[in-house]
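Just so you know, all these numbers are worked out from the coordinates, no wet-lab data involved. Just so we're clear, the structure is a prediction, and the values are computed from it rather than from any experiment. Every residue, glycine among them, receives a Cβ derived from its backbone with ideal geometry; neighbour counts consider all protein chains shown.
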Amino acid sequence: MSKQIMETFSVPSPPTKFNNFQITAVRLIVANGVLWGVLPLAITNIQVSQTGYGAVFALCENGSSRSRGNIANRTALQTPFAAALVSIFEKYLLNNPLVAPTDKLALGIHSPSTSRSVVAAPTTAPLVVIHNGESLQVIVVMHDAATGKVAKPKGVGFMEVWYKIGSPEPVAISECINKVNIHKSGSAILFDLADKANRIYLFCRWINTKGSAGPWTNLITGVVS
């Protein structure tokens, strides 16, 4: 009998990295959890944890509300939130054939490699064009800068997009607090009605199948229609 190769993952502990991780993880769990076999109560509970943590994290990111008390509250909420995510990963997501490979990549789930093959980190930034689709949709078209083709470079898993809604224009990528991973050119980013007529600002980069990142694009701008 062959031995099953166990998948692995890790939850980052630095607050900003953890926040980025949890945004992607909870979004995918909410969207696909039922299909993956996650109990509805676990999905509801993780959303509640995210709401509480997100509120305190935002206070710590705002210079006017950042305080020792809020930082302590953020730490106190992050510990059980992280533990709840670990529980969902271990109970439902690891070695689950219903979780698509692209979702595993976005969730940071990896299988130990049995080969010595090396996937180099991307060396070029994607060429990105955005345009309006249906109402409250922005369509993202991505090109390989090396070939000019509407495709991902060899070895790339997806394009990571960080974006900000509304002025002023961001002066740093860290000001773009919204994230989405684009796996296919022509995919849409969806917005809420409150975002209509606002400018959006995006930075994008390739992430390869081993999780290594390439360089960022220049700032890309558009308007939610």
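Okay, here's what the table says:
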| read-out | value |
| --- | --- |
| Full-extension gain in nm, Lys17 to Ser212, via 0.36 nm per residue minus C-alpha separation | 68.7 nm |
| Viscosity 1.306 mPa s, temperature 10 °C, Stokes-Einstein D of the range 134-225 from Kirkwood C-alpha radius, µm²/s | 115 |
| Non-local Lys pairs in the chain, i.e. 8 or more apart or on different chains, that have alpha carbons under 20 Å apart | 22 |
| Calculated FRET value between Ala42 and Ala72, using beta carbons and R₀ = 25 Å, to 0.05 | 0.40 |
| Percent RCO, i.e. relative contact order, over the range 73-225, from Cα pairs under 8 Å lying at least 6 residues apart | 26 |
| 15 Å beta-carbon shell around Gln50, net charge (K/R +1, D/E -1) | +3 |
| Per-pair calculated FRET efficiency, R0 = 30 Å: Ile177 and Asn96 via Cβ, rounded to 0.05 | 0.50 |
| Extension gain from Asp195 to Ala55, taking 0.36 nm per residue of separation minus the Cα-Cα distance | 48.4 nm |
| Residues Ser87 and Ser111, FRET efficiency given R0 of 25 Å [Cβ-Cβ distance, rounded to 0.05] | 0.75 |
| For the range 62-141 and the range 152-225, distance of Cα centres in Å | 14 |
